[in-house]
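Here is the structure we will look at.
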Amino acid sequence: MSHPFAKAPPRAHPSVLAAALFAVALPLACNSSTATAADMPMNNMPMKATPTPVYQWTGCYVGLNGGAGAASSSYTTTVDPGTHLLPPDPALVSTDGTGSMSGSNFLGGGQAGCNYQTGTLVYGLEGDFDYFHNTVQFINPFNLLSDGVTPFTITQSLKTEYFATVRPRIGIAADRNLGYITGGVAFTKASYTEAYVDGGAPPGIGIATGSKFLTGWTVGAGWEYALTDHWNFKAEYLFAAFSTTKALGAITDIGGGVNTLHGSADLLMQIVRAGVNYKF
């Protein structure tokens, strides 16, 4: 039997119950959210972009090129004593037949080579062949023999047919850019002609000719840019010097007079060209 004066236990206020439920539910909710985030697949996370690989120049290539070439020649004439020209005319003709001239023309052809890259250094070997039909002509008109009356003219020309080289190269690569220096052996074929005519009585006419395959040296520099993984653009300058071409002939007249005629011509070239290569 209950004590008549016993007090009933106090009833919890609704706001207290709500606070208690919130205190219990909050840690559960946080743990649930944490678990859900941990269970999410990693492929939904943002990824850092993969860096583009640096271009590699190692490999072999073939290509085409075109540009312009300038050639210059220094000519020397020697006339031996004889029966057409009397002293001191051989020496006078020799002096007036000595001089220099230059000429230029377009050229074009192809090249092939291979490169090997280690670090930023690129080593290579290239061979090329260009059609280069060029004429360097020297004319010395309006000269007079020692009598002060008889005119004479000397004309000299040196013609080339092609320009070819075999050259090692060494360069520095900066990703798709390659700057290089180069030097090696150069080849061409030259045809040399020297002509003489005077207004003597009887008139004298002379010609000396010579043709030769020339070997020389070349140095230069260039730049290449890799347009794609296989196609490269190039620009290049070369300087070349060749051995001397000599000619032998005679000055004659209808009276039987004769003087032996000698001529020689050296050859320098400057080449500027651009091209494209396909790298295997």
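The values are calculated or read from the model by the stated rules, or taken from the named source; none is laboratory data. Only a predicted model underlies this, so the values are computations on that prediction, with no experimental measurement involved. Neighbour counts run over all protein chains shown; Cβ positions are idealised from the backbone, glycine included.
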**Q.** Output for the range 256-268, where each listed residue is within 13 Å of D198 (Cβ to Cβ) and not in a strand (DSSP E or B)
**A.** G257
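Quick one: in the range 220-259, of everything that is within 26 Å of the chain's Cα centre (by Cα) and among the polar types (S, T, N, Q), which residue is nearest to R273 (Cα to Cα)? Outline the logic, then answer.
First, the residues of the range 220-259 that are within 26 Å of the chain's Cα centre (by Cα): 220-244.
Filter once more, keeping what is among the polar types (S, T, N, Q): 228, 232, 243-244.
Values: T228: 21, N232: 14, S243: 23, T244: 25 Å.
Of everything passing the filter in the range 220-259, N232 is nearest to R273 (Cα to Cα).
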Q. If only one of T58, T52, T98, T78 is in contact with a helix residue (DSSP H, G or I) (Cβ under 6 Å, 6 or more places away or on another chain), modelled with pLDDT of 75 or more and hydroxyl-bearing (S, T, Y), which one is it?
A. T78
Q) Counting just the residues of the range 59-88 that are among the hydrophobic types (A, V, I, L, M, F, W, C) and in contact with a Phe, Trp or Tyr (Cβ under 7 Å, 6 or more places away or on another chain), which one comes out nearest to A247 (Cα to Cα)? A) A68
**Q.** Search result, residues across the range 134-182 that are at positive phi and under 33 Å from the mean Cα position of the chain (by Cα)
**A.** D175
Q: Would you mind stating whether S211 is surrounded by fewer than 17 Cβ atoms within 10 Å (Cβ to Cβ), among the small types (G, A, S) and farther than 26 Å from N65 by Cβ?
A: yes
Q) Do we find that V62 is under 24 Å from R273 (Cα atoms) and loosely packed, with under 14 Cβ neighbours inside 10 Å in this structure? A) yes
Q: Could you check I271 against (1) more than 19 Å from G113 (Cβ to Cβ); (2) in contact (Cβ under 8 Å) with a residue 60 or more places away in the chain and say which number it fails?
A: (1)
Q. Restricting the search to the range 238-280, which residues are over 30 Å from G220 (Cα atoms) and hydrophobic (A, V, I, L, M, F, W, C)?
A. A247, L248, A250, I251, I254, V258, L261
Q: Kindly indicate whether S264 is in contact (Cβ under 8 Å) with a residue 60 or more places away in the chain and either among the hydroxyl-bearing types (S, T, Y) or in contact with a His (Cβ under 6 Å, 6 or more places away or on another chain) (or both).
A: yes
Q. Taking the condition of a type in the set (A, V, I, L, M, F, W, C), surrounded by fewer than 16 Cβ atoms within 10 Å (Cβ to Cβ), in contact with a Leu (Cβ under 7 Å, 6 or more places away or on another chain) and modelled with pLDDT of 95 or more, does A68 pass?
A. yes
Q. Between residues in the range 117-137 that are more than 23 Å from N177 (Cβ to Cβ) and residues that are aromatic (F, W, Y), which pairs lie under 6 Å by C-beta distance while being six or more apart or on different chains?
A. D130/F163; Y131/Y162; F132/Y162; F132/F163
